[in-house]
Amino acid sequence: TSKAWAADVASLEPLAVVSRDEGNLVDAVTAAMGAPHLEVVADVVGGPQFADYLALLGPAGRYVTAGAIAGPVVSLDLRTIYLKKLRLYGVSTGYQHHFEAAVELIRAGRIRPLLARTYPLSEIKQAQTDFMAKGFFGNLVVLPGK
C-alpha cells in the first residue's frame, strides 16, 4: 500500500501492512510476513516496482494484475518468469458466476465492500473528477436513476 493509505488498510485487519513507498519493498514484505516468498501477488498498481512484485514470489508463484495506476509499462527480466515457473494472469472483468458468488457473500455478511462515496447520476462529472484524483479509499459508485 502507499504510506497515505496504511491506516485505512490496517483497519481491514490484514496479516501485515507494508508501504510500497518506504525503503526496499522486498525486504519489508519478507520481514512483515516472516517468510522468504509469497504464493500470490495481486496488483492493481504496476509501474516501476513490478520487478519487486515478481521477486516476492516463490517457485510456481502467481502474479495477478487488474490495473496499472502507477504505469502500464514495466521492466521485466524474462528469466524471472521461467526460472521460477511463475504464472501471470491479467483480469479486466470477472465472470457472471463470480459476481453472483460475491453478491451472495455480501448478503451473508461474510465480506463488506469498501464504499468510499456514492453519486447520483447527475453528478457523474464529479465522480469522474474524484476518480482521476485518486484521493479515495474504496469504491466510487454512480447510482443510476438518481
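Listed values, structure above:
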| quantity | calculated |
| --- | --- |
| Cα-based shape type of region 20-72, given that a ≥ b ≥ c are square roots of the gyration tensor eigenvalues and the cut on a/c is 1.5 | oblate |
| Carbon + sulfur, % of accessible area of the chain - ligands and nucleic acids excluded, 1.4 Å | 59 percent |
| Net charge, Gly23 excluded, C-beta distance under 12 Å - Lys, Arg +1, Asp, Glu -1 | -2 |
| Computed magnitude of the charge dipole of region 21-146 (debye, nearest 20; Cβ of K, R +1, Cβ of D, E -1) | 380 debye |
| Amide H partners (placed H, <5 Å) of Leu86, local residues excluded | Ala60 |
| Aspartates and glutamates with Cα under 18 Å of Lys85, excluding same-chain neighbours fewer than 8 positions away | Glu39, Asp52, Asp77 |
| From phi via Karplus (6.51, -1.76, 1.60), per-residue ³J(HN,Hα) for region 61-69 in Hz, x at Gly/Pro | x, 10, 10, 10, 10, 9, x, 8, 5 |
| Positive-end extreme of charge dipole, the chain - chosen from Ile81, Leu38, Pro48 (charges on Cβ) | Ile81 |
| Phi-based couplings in Hz for region 5-18 (Karplus 6.51, -1.76, 1.60; Gly and Pro marked x) | 9, 4, 5, 5, 5, 4, 5, 7, 6, x, 5, 7, 10, 10 |
| Whole-Hz couplings from phi, Karplus 6.51/-1.76/1.60, listed for region 114-130; x for Gly and Pro | 8, 10, 7, 6, 10, 9, x, 3, 5, 10, 4, 4, 5, 4, 5, 4, 5 |
| Dimensions (Å) - the chain, Cα atoms, principal axes, largest first | 53, 33, 30 |
| Heavy-atom accessible area per residue - region 67-134, 1.4 Å, Å² | 85 Å² |
| Within region 35-95: Cβ-based charge dipole about Cα centre, in debye rounded to nearest 20 (Lys, Arg +1; Asp, Glu -1) | 220 debye |
| Eligible aspartates and glutamates near Lys134 by straight Cα distance, threshold 18 Å, same-chain separation 8 or greater | Asp8, Asp21, Asp43, Glu123 |
| Under 5 Å, built H, 5+ apart or other chain: amide partners of Val64 | Val41, Ala42, Asp43, Tyr89 |
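The values are calculated or read from the model by the stated rules, or taken from the named source; none is laboratory data. These figures come from a predicted structure and were not determined experimentally. With ideal geometry, Cβ positions are generated from the backbone for all residues, glycine too; neighbour counts draw on all protein chains shown. Note: areas computed on protein heavy atoms with side chains; ligands, DNA, RNA excluded. Shrake-Rupley method; radii C 1.70, N 1.55, O 1.52, S 1.80 Å.
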